Amino acid sequence: MAVKKVEKTEKVVKPKAVKAVKPKAPARNAAHSAAGGEKVIKVAKKVVKKEAVSEVPARNASHSDAGGEKVAAAQVVKEKAVKKIAGVYFYAVGRRKTSVAQVRLYENDKATENDIIINDKKLKDYFPTISLQNNLLSPLKAVGMHNKFSMTVLVRGGGVTGQVEAVRLGIARALVVFNVELKKTLKDLGLMTRDAREVERKKAGLKKARKAPQWAKR
């Protein structure tokens, strides 16, 4: 028998083609670097904002300090405005409507209107209008003792007019305590009379004390 010769064929390994690596475009690198720069800038802005925010409380603190100084200054001014008057005094109580005034007169030959203290305030601050001030001081002017007394008044209840007239009656009564001979002068001017007029109470079925609702025939 004939023997066939088998020829072994060797596989030829072809060399792999090497791909050329393209260098990265410098434009993209520049863009990336620019983006990185933007990030850095943003971070810097955030840091600046934080610093600005940290400065704000300091400014607020300075403002609060200034406000505290103003409040302290106002308190000092108030303390200066309100003088504590001590010594022998002449006391009386005046009333008008629902107001009650407790008046104390202190002898003082150099007294001014700033020496008249009403509810821890000066006369001009408590009763700012001239008509109210003149009405209140009318008993002192009537007897010629306008600048002869310092005064402290504690008045409660009612409105402005009621309080003024209550203080006025209290001053007149205190002057009589100081000197009984002044009573005739004050009485002749009607300054010693307690005005008893008050608001009449509302009635049931009526709108006010006497005002009735409109009457309808049918």
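Throughout, read-outs are computed from the coordinates displayed, never taken from laboratory work. What you see is a predicted model; the values in this text were computed from it and never measured. Counting neighbours? That spans all protein chains shown, and the Cβs are built from the backbone with ideal geometry, glycine included.
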Inset, instruction - Among the listed pairs Lys84/Lys184; Lys122/Lys184; Lys148/Lys184; Lys124/Lys208; Lys124/Lys202, give every one whose C-alpha distance is greater than 26 Å. - result: Lys84/Lys184; Lys122/Lys184; Lys124/Lys208; Lys124/Lys202
Legend entry - Peptide ranges 110-117, 183-190, 197-204 listed from the most packed, as the mean C-beta count within 10 angstrom indicates: 110-117, 183-190, 197-204
Inset, instruction - For region 124-218, state which chymotrypsin sites (Phe, Trp or Tyr not before Pro) are in a DSSP loop and have at most 11 other beta carbons lying within 10 Å of their beta carbon. - result: Trp215
Inset, instruction - Over the residues of region 89-188, compute the C-alpha Rg and express it relative to 2.2 N^0.38 Å. - result: 0.96
